[in-house]
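A.B. asks: I have a structure here, written as structure tokens, and I will follow up with some questions on it.
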Amino acid sequence: MDERTATFGFKDVDPAAKPGLVRGVFDRVAGRYDLMNDLMSAGVHRLWKDATAARLNPQPGETIVDCAGGTGDMARRFARMARRAQERRGGSDAQVVVVDYNAEMIAAGREKGAPPEVVWAVGDAQALPLPDACAEAYVISFGIRNVTDIPTALREARRVLRPGGRFLCLEFSQPVSEALRRAYDAYSFKVIPEIGARVAGDRASYQYLVESIRRFPDQKRFAGMIGEAGFSMVDWTNFTGGVAALHTGRAI
């Protein structure tokens, strides 16, 4: 891929075309997005998300940006944890701002309901509809690989964080062992699109999702991109042998 193209699965496309292509994918899968996550991962994604929320450790009074927050799966975790902390030691309500590019995903999240701490907005990770230095934490879960310009999205994350603010990115990554990598590839390319076809009636969208994972930078390279965007203390934790990884950093 050169600088004049963007990745869309295994294809290289015009960067101007990618947002519409990605929107189409999530328009089609929004209604069964959470169910498909459970089926594709046998529920393991819930453990990864719980670990991410525990690392974030939401506190009363904080503003947390849940970018690419989709159906609000993570936002509900954050709101519950902040409310429990508030009950223990007082303080003002936290606010969790779910921002997602896809209106269908936001609509699916609203239909599921959410506590009053959660607010919803349709917006672009590359141009967040939020002021500078407005948040104590920014989290993006399984969303950054769908962004057209990842460095721009990382700089936006830095822009909306206050100095010292926490950055967390949970994303599919690269298994650390060759044996696991081979098994994961076989499962991903043979099983996941078939589940998509049978359950969601949409093989193509899940083929794209599998391919997008393979095009995403590995742990070390992505950590370098986070550092270049203005974060310090950059690190990552592998989950399930690197099938997913939680990248963290602090706004400088």
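The values are calculated or read from the model by the stated rules, or taken from the named source; none is laboratory data. A quick note: this is a predicted structure, and the numbers were derived from the prediction, not measured. Using ideal geometry, Cβ is built from the backbone for each residue, glycine included, and neighbour counts are taken over all protein chains shown.
A.B. asks: Given the residues A42, A54, A68, which is the only one that is modelled with pLDDT under 95 and small (G, A, S)?
C.D. replies: That would be A42, the only listed residue that is modelled with pLDDT under 95 and small (G, A, S).
A.B. asks: If you don't mind, there's one more thing I want to ask. Can you find even one residue in region 141-155 that is at positive phi and assigned to a strand (DSSP E or B)?
C.D. replies: No, region 141-155 has no match at all.
A.B. asks: So in region 173-188, with the set limited to residues that are touching a residue at least 40 places away in the same chain (Cβ under 8 Å) and within 22 Å of the chain's Cα centre (by Cα), which one is surrounded by the fewest Cβ atoms within 10 Å (Cβ to Cβ)?
C.D. replies: V176
A.B. asks: Scan region 63-99 residue by residue and report those that are outside any helix (DSSP H, G or I), in contact (Cβ under 8 Å) with a residue 40 or more places away in the chain, of a type outside the set (S, T, Y) and in contact with a Gly (Cβ under 9 Å, 6 or more places away or on another chain).
C.D. replies: D66, C67, A68, G69, G70, G72 - these are the residues of region 63-99 that are outside any helix (DSSP H, G or I), in contact (Cβ under 8 Å) with a residue 40 or more places away in the chain, of a type outside the set (S, T, Y) and in contact with a Gly (Cβ under 9 Å, 6 or more places away or on another chain).
A.B. asks: Here is a further query. All but one of (1) surrounded by fewer than 18 Cβ atoms within 10 Å (Cβ to Cβ); (2) farther than 24 Å from L168 by Cα; (3) touching a helix residue (DSSP H, G or I) at 6+ places or on another chain (Cβ under 7 Å) hold for Q59; state the number of the condition that does not hold.
C.D. replies: Failing condition for Q59: (2).
A.B. asks: Something else about it: What pairs can you find where one residue is in region 131-147 and free of Cβ contacts under 8 Å to residues at least 40 places away in the same chain, the other is in a strand (DSSP E or B), and their Cβ atoms are less than 6 Å apart, with a gap of 6+ or different chains?
C.D. replies: Hits for this filter: A133/R162.
A.B. asks: Now a separate question. Please verify whether region 145-160 includes one or more residues that are crowded, with 17+ Cβ neighbours inside 10 Å, among the small types (G, A, S), within 25 Å of L47 (Cα to Cα) and over 17 Å from the mean Cα position of the chain (by Cα).
C.D. replies: No, because not a single residue in region 145-160 is crowded, with 17+ Cβ neighbours inside 10 Å, among the small types (G, A, S), within 25 Å of L47 (Cα to Cα) and over 17 Å from the mean Cα position of the chain (by Cα).
A.B. asks: Still on this structure: Taking the conditions exactly as written (farther than 24 Å from D27 by Cβ and not acidic (D, E)), does Q219 satisfy them or not?
C.D. replies: The answer is yes for Q219.
A.B. asks: When region 192-209 is examined, which residues are found to be closer than 18 Å to A42 by Cβ and touching a residue at least 24 places away in the same chain (Cβ under 8 Å)?
C.D. replies: Within region 192-209, I192, I195, G196, V199, A200, Y206, L209 qualify.
A.B. asks: Shifting gears a bit: Any residue in region 80-96 that is surrounded by fewer than 22 Cβ atoms within 10 Å (Cβ to Cβ) and modelled with pLDDT under 95?
C.D. replies: yes
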